[in-house]
Amino acid sequence: MLTRLTFLLATILASPAAAQGLTQEQRLQATADQVSQQRIHDTVARLVAFGTRHTLSSQTDPKRGIGAAVRWAESEFKKDGLQTLQTCDTVAKQPRVPTPTRVCNAVGILRGTERPNDVVIITGHIDSRVTDIMNVNAEEPGANDDGSGTAAVLESARVLSKQKFPGTIVFAALSGEEQGLLGGKILADYAKAQGWNVIANLNNDIVGNSCGSDGVCNDKVVRVFSEGPRWQGHEALAAQLRSLGGENDAPSRNISRFLDRLAERLPGIGLDVMQVWRNDRFGRGGDHTEFLDNGFPAVRLSVAVENYDQQHQDLRTEGGKVYGDTIDKMDFPYLTRVVKLNTAALMALAMAPPPPEPKVEGAVSTDTHVTWSQVPGAKSYVIRWRRTDANQWQESSTADNSCAPSQSPPNCTGYVDLRHVRVDDWVFGMSSVSKDGWESPVASAVPGGAFKPYVAPLPKN
Ligand SMILES: [Zn+2]
């Protein structure tokens, strides 16, 4: 019965007019329900079958090595009808890339119908490793790290490519992560060079197991890592941050809040978000950091419980313990839930316009004044605020584009006066809402809160 309902919803989704009869949650859930556990399993098995996907392995062997794997990922995007390309660079970086090496990402693009320059990007890394980071020729299955994230990229591409969205979605299988986040940097630099307005990078790295080596298991939670104050521009913003606040309000932190709320809106996926308020796991890294360094909002999704015996390990048995990142250790029902959440998130982000860049004033006043510039594609806005020690937005007020005093429509500065709301006691933010009601993530009205790279103002002279 459930399957039949899902099929019915999927059929209805193909017709935009009929889709208007459904709630957003129903549309998101019906799209997420098209994610196939079997296909995810087959994708991971196919990736493992390349033997090794080490970044320094063969680029030309038709069956084994990183070159064959990247070409295969690109061919999968082609099958989905996406525009495809490889973003490449020749890298030499001691000590992990001793000689100049071609590093290429497979990229698929689902171009937006209304705002093609507004881009959301899902990434996973296709390269793999074992104990010795320079060991090129071992069997290096990389099933969970990061066949799981690559499967999230390919399966969300397959599902979402059947629909059209106002904004663009980019799907990328990145290479060179283990050798130093090389593919992440190549794609982030490409995004910058193209002038993409990156709303979010969802980086999936190790998303396919649910038990640790100590027997602790959790298959109902995914961790989302996000930086607090934005790193890019932080030196220039430090003095303003100290005065105006915003230690907990970089755009990445608001992407994390957005995902947390989305998971709650879609109980049918069966996954809770555990927000971890640091950029990545303790002292460790991932490709999203390269997006952050370019000023783009980015988060890392990862399992609730990592298993350190099953990542970055030579395949072996030692003292009765089996080591290695093999497919039999994975939890595919869990991975499927993570892919569903990603798929729904990409859809929700691509449906909504980008958030505005709100400013607040109100020092030594009983009221708070909020101003913002109009966002193309936004029909209305939501002002949200919360106590400075609260983790989620608490209060809200909808706003049209009422003009600031002495200005007139249509291209005036938006203006709302929040009476009896003291600016000292709250953090404020705003989201944009499309004509059909899709709401963007919130951008906080703090230094560095804007969803675009921070650019220092030119000195006055
Ligand atoms: Zn990884």
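Every number in this text was worked out from the coordinates using simple rules, so none of it is lab data. The shown structure was predicted, so the numbers you read here are calculated from the model rather than taken from an experiment. All Cβ positions, glycine included, derive from the backbone under ideal geometry; neighbour counts span all protein chains shown.
I'd like the Karplus ³J(HN,Hα) series for segment 395-408: coefficients 6.51, -1.76, 1.60, θ = phi - 60°, whole numbers in Hz, and an x wherever there's a Gly or Pro.
For segment 395-408, the Karplus-derived couplings read 10, 8, 8, 7, 9, 8, 9, 4, 7, 4, x, 6, 10, 9 Hz, x marking Gly and Pro.
Straight-line reach only, C-alpha to C-alpha below 28 angstrom: list the lysines that Lys460 could link to, leaving out same-chain residues fewer than 8 apart.
Cross-link targets: Lys192, Lys359, Lys452.
For Lys79, go through the lysines and keep the ones whose alpha-carbon is under 24 Å away, minus same-chain ones fewer than eight residues off.
Lys63, Lys162, Lys164, Lys340
Provide the per-residue ³J(HN,Hα) series for segment 118-126, in order, calculated from phi with Karplus coefficients 6.51, -1.76, 1.60 and θ = phi - 60°, each as a whole number of Hz, with x at glycine and proline positions.
8, 10, 10, 10, 9, 10, x, 9, 8
Round to a whole angstrom and tell me the spacing of the C-alpha centers of segment 118-138 and segment 191-265.
With segment 118-138 and segment 191-265 each reduced to a Cα centre, they are spaced 20 Å.
Tell me, what ³J(HN,Hα) does each residue in segment 450-457 have, in order and in whole Hz, if you take phi through Karplus 6.51 cos²θ - 1.76 cosθ + 1.60 with θ = phi - 60° and put x for Gly and Pro?
Calculated HN-Hα couplings, in order: 5, 7, 7, x, 6, 10, 5, x Hz.
What do you get for chymotrypsin sites (Phe, Trp or Tyr not before Pro) in segment 260-299 restricted to DSSP loop and a cutoff of at most 15 other Cβ within 10 Å of the site's Cβ?
Passing both the DSSP loop test and the Cβ count: Trp277, Phe282.
Using mean Cβ contacts within 10 Å as the protection proxy, how do 26-35, 372-381 order, highest first? Don't skip to the answer; put the middle values down first.
Numbers: 26-35: 21.7, 372-381: 19.0.
In descending order of packing, they fall as 26-35, 372-381.
Taking amide hydrogens as modeled 1.01 Å from N in the peptide plane, which residues meet the under 5 Å criterion relative to Val91, leaving out close sequence neighbours?
Thr101, Arg102, Val103
Which lysines, if any, have their Cα less than 24 Å from the Cα of Lys321, not counting same-chain residues under 8 positions apart?
Lys329
Where both residues lie in segment 169-306, what percent of DSSP beta bridges are antiparallel, nearest 5?
Numbers: 5 of 14 bridges.
Expressed as a percentage, antiparallel bridges in segment 169-306 total about 35.
For n ≥ 4 DSSP H runs only, could you compute -39500 (n - 2.57) per run for the chain, divide by its residues and tell me the 222 nm figure to the nearest 500?
That calculation yields -8500 deg cm²/dmol at 222 nm.
Which whole-number percentage describes the relative contact order of the chain, with Cα contacts under 8 Å and a sequence gap of 6 or more?
16 percent
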